[in-house]
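Step one of this worksheet: look at the structure below.
Taken together, the values in this text are just the output of simple stated rules run on the coordinates, not laboratory data. Owing to the predicted nature of the structure, the values given are computational and were not obtained by experimental measurement. All Cβ positions, even for glycine, are placed from backbone atoms using ideal geometry, and neighbour counts span all protein chains on display.
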Amino acid sequence: MTASSPEQDIEALEIGSALYALVTAVMRRMPRDLSLTAAATLYALERQGPQRLTHLAAQEGVAQPSMTALVTRLEQAGLVDRRSDPSDGRAVLVGLTPAGEDYLRERRQSGARALLPVLAQLSQGQLDALRSALPALRALAAGDLGTPASANEAAAARGDLG
């Protein structure tokens, strides 16, 4: 890894600060029908496919009993189901249902629509700048930003997530 200059560090902090403020603003405009952990769990299942409860708990940084209760609520809402793990008949995987996929699609569209009035306040030059940044923003959104989740997975493997 190459060392960065102080100017690059300051620029990265400015970008990070602006992105954090944007994420905060977006989250305030999102529907509040699910907890952030529930929504994050659904998005993880969408990205990664069916998962074991232990993996989901570690990834979201919650105890396994808490994830079990959350998955039960999501299952009762028809958003996820439990299925046998083909690689281990004793294990159960949690996966999105078609209703869960529809829910996420609508939530994403709703979030995008909520930003339209904010985007309408920008100048054409600002919109052009955002359009130019779309590839980088999409790469950030698609990337594994879950470094803490990796630490949580390690803690779960050690049994530290009570």
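A few points about this structure:
- Summed over qualifying helices (DSSP H, 4 residues or more, each -39500 (n - 2.57)) and divided by its residue number, the chain shows a 222 nm mean residue ellipticity of -22500 deg cm²/dmol.
- Kirkwood hydrodynamic radius computed over the chain comes to 18.2 Å, based on all pairs of distinct alpha carbons.
- For the stretch 43-97, the fraction of C-alpha pairs more than 12 angstrom apart is 63%.
- Sites listed here are trypsin sites (Lys or Arg not before Pro) in the stretch 1-80 whose DSSP assignment is loop and whose Cβ has at most 13 other Cβ atoms within 10 Å: Arg32.
- Convex hull of the stretch 1-82 built on C-alpha atoms - directionally averaged projected area, nm²: 7.7
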